[in-house]
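The values are calculated or read from the model by the stated rules, or taken from the named source; none is laboratory data. Model, not experiment: these values are computed from the prediction. Positions of Cβ are backbone-derived with ideal geometry, glycine not excepted, and every protein chain shown enters the neighbour counts.
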Amino acid sequence: MREDIYQWMKSLAVFYLFFTAVLQLVPDRKYERYVRSFMGLLLIYMLCTPVFAVFGKSGQLLEGFADTFYQEQKRMDRMEAEELQTFYLKQGYENEISSKIEELLKESGINPSETAVHIEGERISAVLTVKQELTREQERGIRDDLRKSFGIEEKDCKILTDRNDGAAVDGSSASGNASDSNRASGIRQ
């Protein structure tokens, strides 16, 4: 019995040394609170172990801890799987809506260059890049069709024109020079 008490006291001494070393190695003081909480739980376990051993309950304590840990791990795994499933479903919905919008544009005689759809909660936004200039009536028709078919509000729909491969969206090239010989470069002289 005396040997058990000495062993327990040695374990506590080693634990305090280890605890002090760990606190010195914490990279930021804001994490110290978490380390102290975890080490406090370990200390409680170490202090209770001899008491439960006397009453023959240490095996039950470890078993209960293992069961609780296993259940928590299962719950975390299930939550992670649900989040992953939600991510892939959202991505699939975005791709499906994007392809349906491209079909809708092609049926209207408009050649889409790129269609990007983003779902955030219940809000759906779309950025459409088309290969030709659109009239105001065509843009209005596209926006109305998107609102009716997919619930995309006008403020969440952006329609861009891809005039040619080397030009930016507004028609000026990346260097700042005009893509058109009749336009100024935007640099005042």
Just to verify a result, which residue in the stretch 131-156, among those that are closer than 15 Å to Glu102 by Cα and among the small types (Gly, Ala, Ser), is surrounded by the fewest Cβ atoms within 10 Å (Cβ to Cβ)?
Ser149
Could you check, for the stretch 49-60, whether at least one of its residues is free of Cβ contacts under 8 Å to residues at least 40 places away in the same chain, assigned to a helix (DSSP H, G or I), of a type in the set (S, T, N, Q) and in contact with a helix residue (DSSP H, G or I) (Cβ under 6 Å, 6 or more places away or on another chain)?
yes
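Ile159: within 14 Å of Ile97 (Cα to Cα) and either under 33 Å from the mean Cα position of the chain (by Cα) or at pLDDT 90 or above (or both), yes or no? Even if it seems obvious, please write down each step before you answer.
Working: within 14 Å of Ile97 (Cα to Cα): no; either under 33 Å from the mean Cα position of the chain (by Cα) or at pLDDT 90 or above (or both): yes.
No, not satisfied.
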Within the group Ile97, Ile110, which residue is touching a strand residue (DSSP E or B) at 6+ places or on another chain (Cβ under 6 Å), assigned to a helix (DSSP H, G or I) and among the hydrophobic types (A, V, I, L, M, F, W, C)?
Ile97
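Looking for whichever is under 30 Å from Thr86 (Cβ atoms), at pLDDT 90 or above and polar (S, T, N, Q) here; the options are Ser149, Ser125. Which one fits?
Among Ser149, Ser125, only Ser125 is under 30 Å from Thr86 (Cβ atoms), at pLDDT 90 or above and polar (S, T, N, Q).
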Hey, among Glu63, Glu83, Glu94, which residue is surrounded by fewer than 13 Cβ atoms within 10 Å (Cβ to Cβ), at pLDDT 85 or above and not hydroxyl-bearing (Ser, Thr, Tyr)?
Glu83
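Picking from Ser99, Ser113, Ser108, which residue would you name as being touching a Lys or Arg at 6+ places or on another chain (Cβ under 7 Å) and within 17 Å of Leu146 (Cβ to Cβ)?
Numbers: Ser99 fails: touching a Lys or Arg at 6+ places or on another chain (Cβ under 7 Å); Ser108 fails: touching a Lys or Arg at 6+ places or on another chain (Cβ under 7 Å).
The unique qualifying residue is Ser113.
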